[in-house]
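> Sharing a structure below in C-alpha cells format, with a few things to ask.
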Amino acid sequence: MTAVEPNVNDGDKLNVTQTAAILGIHRNTLRMHTDAGLIRCVVSRRTGYRRYMGRDIKRYWREQ
C-alpha cells in the first residue's frame with residue numbers, strides 16, 4: 001500500500017488495473033478486498049467491468 005494519499009477526484013471512475021496501481025497493491029488483492037467489502041465498486045451493466053470511484057479509493061486508503 002502506498003504511503004501517500006491517492007491523488008484522484010471524488011467523481012473519477014477507475015478500472016481494476018488503474019485502482020490497484022494507484023493504491024500500490026496487486027489486482028488480486030484489490031479484488032479480494034472488494035469481495036470482502038473493504039472497498040466498494042460499481043459494476044457496469046453494459047460491460048460487467050468493475051469501476052472504482054475516487055471517493056471510495058480515498059476512503060479505503062484512509063481506513064487501511
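> Where does the charge balance sit around Val42 when Lys and Arg score +1, Asp and Glu -1, over other residues with C-beta under 9 Å from its C-beta? Provide the component values of the computation, followed by the final result.
Values: positive: Lys13, Arg40, Arg50, Arg51; negative: Asp56.
In short, +3.
> As I understand it, the dipole of the chain uses +1 on the Cβ of Lys and Arg and -1 on the Cβ of Asp and Glu, about the Cα centre. Which of Met1, Thr19, Gly48 lies farthest toward its positive end?
Toward the positive end, the furthest listed residue is Gly48.
> Tell me, what is the percent relative contact order of region 17-64, built from C-alpha pairs under 8 Å that lie six or more residues apart? Walk me through the numbers on the way to the answer.
Details: 30 pairs, mean separation 13.2, N = 48.
Over region 17-64, the number comes to 28 percent.
> Net charge near Met32, counting Lys/Arg +1 and Asp/Glu -1 over other residues with Cβ under 15 Å of its Cβ? Don't skip to the answer; put the middle values down first.
Working: positive: Arg27, Arg31, Arg40, Arg50; negative: Asp35.
It works out to a net charge of +3.
> Which value at 222 nm does the chain reach when only helices count, each DSSP H run of 4 or more adding -39,500 (n - 2.57), with the total divided by all residues and rounded to the nearest 500 deg cm²/dmol?
Rounded to the nearest 500, the figure is -12000 deg cm²/dmol.
> Taking the Cα centre as origin and putting +1 on Lys and Arg beta-carbons and -1 on Asp and Glu beta-carbons, what dipole magnitude results for region 15-64, to the nearest 20 debye?
On the way: 11 positive and 3 negative charges, 48 e Å.
I would put it at about 220 debye.
> Another question, then. Here are labelled values, (1) 3, 16, 16, 13, 10, 7, 7, 6, 6, 5, 4, 3, 2, 1; (2) 4, 19, 28, 28, 15, 6, 1, 0; (3) 4, 19, 34, 29, 11, 3, 1, and one is the computed P(r) over Cα pairs in 5 Å bins from 0, in percent for what I pasted. Which one?
(3)
> Work out how much length Asn28 to Glu63 would gain on full extension: take 0.36 nm times their residue separation and subtract the Cα-Cα distance, in nm to one decimal.
Working: separation 35, 0.36 × 35 = 12.60 nm, distance 1.89 nm.
Taking 0.36 nm per residue and subtracting the Cα distance, the gain is 10.7 nm.
Read-outs throughout are calculated quantities, based only on the coordinates presented, and are distinct from any laboratory measurement. The structure presented is a predicted model; accordingly, all values stated were derived computationally and were not measured. Counting neighbours? That spans all protein chains shown, and the Cβs are built from the backbone with ideal geometry, glycine included.
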